[in-house]
Amino acid sequence: MTQDRNVTLRVWRGTKDGGRYEPYTVPADEGMVVLDVIHKIQALRAPDLAVRWNCKAGKCGSCSAEINGNARLMCMTRMNTFAPGEDITVAPMKTFPIIRDLVTDVSYNYEKAKEIPPFRPKPKEADGTRRMYQEDVDRVQEFHKCIECFLCQDTCHVIRDHEDNKKAFAGPRLFVRLAALEMHPLDTNDRLALIRQKAGLGFCNITKCCTEVCPEDIHITDNAIIPLKERVVSEFYDPLAWVKRRVLSKGAPTPTQPGPGEPEPPSQKA
Amino acid sequence: MSREGIERHDYDVIVVGAGGAGLRAAVEASAAGAHTALICKSLLGKAHTVMAEGGIAAALGNVWKEDNWRVHFRDTMRGGKLLNNWRMAQLHAQEAPDRVLELEEWGALFDRTTDGLILQRDFGGHRYARLAHVGDRTGLEMIRILQQHAVHKGIDVYMECNLQRLLTDGGTIAGALGYWRESGKFVVFGARAVVLATGGVGKAWKITSNSWEYTGDGMTMALDAGADLIDMEMVQFHPTGMVWPPSVRGLLVTEGVRGDGGTLKNAQGKRFMFDYIPEFFRGDTADTEREADAWYEDKKNNRRTPDLLPRDEVARAINTEVKAGRGTPHGGVYLDIASRRPAEYIKKRLPSMYHQFKELADVDITTTAMEIGPTCHYIMGGVRVEPETAAATVPGLFAAGEVAAGMHGANRLGGNSLSDLLVFGRRAGAGAAAYASRSHARAIDDGQVEAAARSMLAPFEGEGSENPYALHAELQETMQSLVGIIRTDAELTQAIAKLDDLDGRLERVTVEGNRQFNPGWHLALDLRSMLTISKAVARSALMRQESRGGHTRDDFPKTDPEWGKLNVVTRKRGGRLELTTEPLPQIPEDLRQLVLSEEKQPA
């Protein structure tokens, strides 16, 4: 910190019925992160200030919030990244319903996760082992770094500004999960129909907002979403693949699945 | 208290805690046909397991084919200074490989060997490279895979639900009472069997690697229900926590740094661990820098580097160096991998350590040595369990993971925790399901529910002046300064008096606001369990008049073979803690010989 031995945050306090920013000033410590200041506010000023946190080391993804409007982990946002005297606001994630203060109802993400067909491995090798090479697991390991902070979901404008889209859109976190399963060297399950329809991959118009806020630096758009889109295109919009699927009926397409020429789900209006 | 209509759910088995042990227990209980619920204080996937870094210890033999369960068992018993429950250590060493391979069947992607198998890494106290890992984020991989597996099995999960009391019927488990964090409303679970998988109590110390969840609540619930705790004096201080800046003090730095080649140095640049090799490990430990460095590549002809002595030894050594004035400016020592391994290797093997130091301390660990010091990390003591089924001493109660005791004796080896969670989580789930299938649902005693609910609401009605945050800070200061790495009769006696004082003041804690997601109230409730378990730790530490593993007495510096035959047992009777000593289970002679055998010296 600088010579200023106090820090001030304006923290959103309230419930689903409304609220406002309250300013709190507490003594500063060297190397403080925003979550440290929140804890100090609890200890000295507002004991009932509601916040989620666990590891305080960027590993659990609990303390997601909007700091000066940016989707961030509070535990990984250093106070010395702000200019002295800069107005600093801390608000709950906007995309999810407010429970209280900085705590939101993130059950949407858990409900979407339940819909994903599980991992289903192919048979073992003849010698009873599972052989996978590092170069084959590298790209999926990138997706497994996800700490489920849901900041990508928070910032995704398909659901951030359009509550109705939540019904038909799983969001970047779940696209990362789907990509991890689809690209897993051992997996045999088929999720492409779900990706295209129920998960609503077509809603994403690749603005990369999710990638920009990911605290784990997962290349969500380039490495997960775009490859999934390519798979959907070759599965559903390649006429040869469509005929082959009809004839060989691998994974038996259901009558609700669209054939070639049917439209993508509508993107939200900008 | 006016009687509110309390929400009620009924299950065969409830599992309390959704870290590695709880998830694995729930999966097993559910697979055995028990109607199972998993109940956790945080959101699913945020439990402390997510922070585990280095890996899962299992004698897969992928890197060193010489490794097997016997070697792992020997390492575990010696690391635990022979205070371990031998049967738990044996089951653990035998079953850990299957539990790791099972995770792979469920989708885990561990780092690979060049021939496509699970890669294993070196860690303290392990003879061979044994830890299956994913960079330095192994716990995240483990919890996420278990979480997804549990969700797909359709297990009912209750998140942000904090259980506070076990309910009993004539001394047998009948269920549990807790509250929803979101609404503050009470909830009762009727259950034939309860599996505790609630972790430890590290939040009672000031410098700690543990999160807010580590409040000793499971141990307290077990005590209240009549169960035995053992080995409560055995607390692990991890040698390498961050020391600077103050806001990150205590944050864990993985032992994998040393496993991958990092070394400890004092302010004079000396690799001081060579001065701290205890007689017990002399045969297993390199005594020159040349041999220590050669060991990473050639384990047949070299002994292990003293940087990778068990954690209790390394933590004490660092403590001594700092006290002797050979520490860093911020009161730690240096952990140097920058001068010993290439930058790319460090970033690949230790990505989250790289990130953590860069973001939080402005230190690039590929060019600069880290400043580290001991941090409260783990408690070896906990609920006494029966090895095969993880059953506690109260019918219907089971415990697995850090909340349980015996497996690690006086000191836990790194990597043995994640494997413990899997091995005994599975056994606890199976044990609880089997118990539930041959028992019947018990009546919930309204009197117990009402008494507990009334006491939980007391902080709202108090007119006292005690602030829960201030009381917590005093508790942490007390445990840090008086019940730390090095202990004495005088300091422990002082600590016990202070804890009794805090206990009296706990009744005067008053909280502001209402019951809806109110952290001040939650902390007031957690203080009760933190204080109860802190007292069990301090009094057990006073009773054990020797030094062993995680328990070092300045006034009794020697390890005493007679004390090595005894567990310190804590019980609650008539509302008061009672402590006594009881004999350890006897290890069979062939296994005793294996544990005491000396390793072959290099030629």
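The values are calculated or read from the model by the stated rules, or taken from the named source; none is laboratory data. Note that the structure is predicted; figures quoted are calculated from it, not measured. For neighbour counting, all protein chains shown are included, and Cβ atoms are generated from backbone atoms with ideal geometry for every residue, glycine included.
Structure data summary
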| quantity | calculated |
| --- | --- |
| Matching residues in segment A:49-95 - criterion: being surrounded by fewer than 20 Cβ atoms within 10 Å (Cβ to Cβ) and among the charged types (D, E, K, R) | A:ARG78, A:GLU86, A:ASP87, A:LYS94 |
| Residue match in segment B:12-27 (condition: surrounded by fewer than 24 Cβ atoms within 10 Å (Cβ to Cβ) and either on the phi > 0 side of the Ramachandran plot or more than 14 Å from chain A (Cβ to nearest Cβ) (or both)) | yes |
| Inter-residue pairs, beta-carbon under 8 Å, first closer than 15 Å to A:GLU212 by Cα and away from chain B (no Cβ under 14 Å) and in segment A:141-169, second among the basic types (Lys, Arg) and part of a helix (DSSP H, G or I), 6+ apart | A:CYS152/A:ARG173; A:ASP154/A:ARG160 |
| Subset of segment A:30-46 (residues that are surrounded by fewer than 17 Cβ atoms within 10 Å (Cβ to Cβ) and either within 21 Å of B:GLY520 (Cβ to Cβ) or more than 10 Å from every other protein chain (Cβ to nearest Cβ) (or both)) | A:LEU44, A:ARG45 |
| Subset of segment B:43-71 (residues that are in contact with a strand residue (DSSP E or B) (Cβ under 7 Å, 6 or more places away or on another chain), under 27 Å from A:THR129 (Cα atoms) and at pLDDT 95 or above) | B:GLY55, B:ILE56, B:ALA57, B:ALA58, B:LEU60, B:ASN62, B:VAL63 |
| Residue identified as within 24 Å of the chain's Cα centre (by Cα), β-branched (Val, Ile, Thr) and not assigned by TED's automatic domain parsing to the domain that holds B:ALA222 among B:THR510, B:THR478 | B:THR478 |
| Residue list for segment A:218-243, restricted to those being of a type in the set (A, V, I, L, M) and without any contact (Cβ under 8 Å) to a residue 40 or more places away in the chain | A:ILE226, A:VAL233, A:LEU240, A:ALA241, A:VAL243 |
| Tally, over segment B:359-379, of residues that are in a loop (DSSP other than H, G, I, E, B) and out of contact with any Leu (no Cβ under 8 Å at 6 or more places or on another chain) | 6 |
| Segment B:579-598 residues that are at pLDDT 95 or above, paired with ones that are in a strand (DSSP E or B) (beta carbon under 6 Å, 6 or more apart) | B:LEU579/B:THR570; B:THR580/B:VAL569; B:THR581/B:LEU566; B:THR581/B:VAL568; B:GLU582/B:ASN567; B:GLU582/B:VAL569; B:LEU584/B:ASN567 |
| Meets criteria (farther than 25 Å from B:SER547 by Cα, away from chain A (no Cβ under 14 Å), in contact with a Gly (Cβ under 8 Å, 6 or more places away or on another chain) and surrounded by 24 or more Cβ atoms within 10 Å (Cβ to Cβ)) for B:GLY218 | yes |
| Selection count where residues are β-branched (Val, Ile, Thr) and in contact with a helix residue (DSSP H, G or I) (Cβ under 9 Å, 6 or more places away or on another chain), scope segment B:395-445 | 2 |
| Residue satisfying all of: in segment B:442-462; free of Cβ contacts under 8 Å to residues at least 12 places away in the same chain and within 24 Å of B:THR510 (Cβ to Cβ); nearest to the chain's Cα centre (by Cα) among these | B:SER455 |
| Tally of residues being surrounded by 15 or more Cβ atoms within 10 Å (Cβ to Cβ) and either free of Cβ contacts under 8 Å to residues at least 24 places away in the same chain or touching a strand residue (DSSP E or B) at 6+ places or on another chain (Cβ under 7 Å) (or both) across segment A:105-115 | 1 |
| Within segment B:515-553, tally of residues that are outside any helix (DSSP H, G or I) and either among the β-branched types (Val, Ile, Thr) or under 19 Å from B:ASN84 (Cβ atoms) (or both) | 8 |
| Some residue of segment B:108-128 being among the β-branched types (Val, Ile, Thr), away from chain A (no Cβ under 13 Å) and within 26 Å of the chain's Cα centre (by Cα) | no |
| Residues of segment A:114-154 that turn out to be under 22 Å from B:MET51 (Cβ atoms) and among the charged types (D, E, K, R), as a count | 3 |
| Selected residue [within 24 Å of A:PHE119 (Cβ to Cβ), charged (D, E, K, R) and modelled with pLDDT under 95] from B:ASP136, B:ASP111 | B:ASP136 |
| Residues of segment A:42-85 that turn out to be out of contact with any helix residue (DSSP H, G or I) (no Cβ under 6 Å at 6 or more places or on another chain), in a helix (DSSP H, G or I), over 26 Å from B:TRP521 (Cα atoms) and of a type in the set (A, V, I, L, M), as a count | 1 |
| Of the criteria (1) in contact with a Ser or Thr (Cβ under 9 Å, 6 or more places away or on another chain); (2) acidic (Asp, Glu); (3) part of a helix (DSSP H, G or I), which one B:GLU141 fails | (1) |
| Checklist (1) within 13 Å of B:ALA108 (Cα to Cα); (2) in contact with a strand residue (DSSP E or B) (Cβ under 9 Å, 6 or more places away or on another chain) applied to A:PRO118, failing item | (2) |
| Within segment A:1-41, tally of residues that are in a strand (DSSP E or B), acidic (Asp, Glu) and under 13 Å from A:VAL51 (Cβ atoms) | 0 |
| Residues that are touching a Pro at 6+ places or on another chain (Cβ under 7 Å) and within 9 Å of chain B (Cβ to nearest Cβ), drawn from segment A:69-81 | A:MET76 |
| Test: residue in segment B:71-92 that is in contact (Cβ under 8 Å) with a residue 60 or more places away in the chain, crowded, with 24+ Cβ neighbours inside 10 Å, aliphatic (A, V, I, L, M) and within 14 Å of chain A (Cβ to nearest Cβ) | no |
| Breaking point among (1) buried (at least 18 other Cβ atoms within 10 Å of the Cβ); (2) not in a helix (DSSP H, G or I), for B:HIS330 | (1) |
| Which listed residue is more than 9 Å from every other protein chain (Cβ to nearest Cβ), under 17 Å from the mean Cα position of the chain (by Cα), among the acidic types (Asp, Glu) and more than 28 Å from B:HIS355 (Cβ to Cβ), from A:GLU66, A:GLU115, A:GLU22 | A:GLU115 |
| Residue list for segment A:82-106, restricted to those being within 11 Å of chain B (Cβ to nearest Cβ) and of a type in the set (Asp, Glu) | A:ASP101, A:ASP105 |
| Within segment B:240-261, considering residues that are in a helix (DSSP H, G or I) and facing chain A (nearest Cβ under 9 Å), the one nearest to B:ASP136 (Cα to Cα) | B:VAL248 |
| Counted residues, segment A:121-130 - those being touching a strand residue (DSSP E or B) at 6+ places or on another chain (Cβ under 9 Å) and part of a loop (DSSP other than H, G, I, E, B) | 2 |
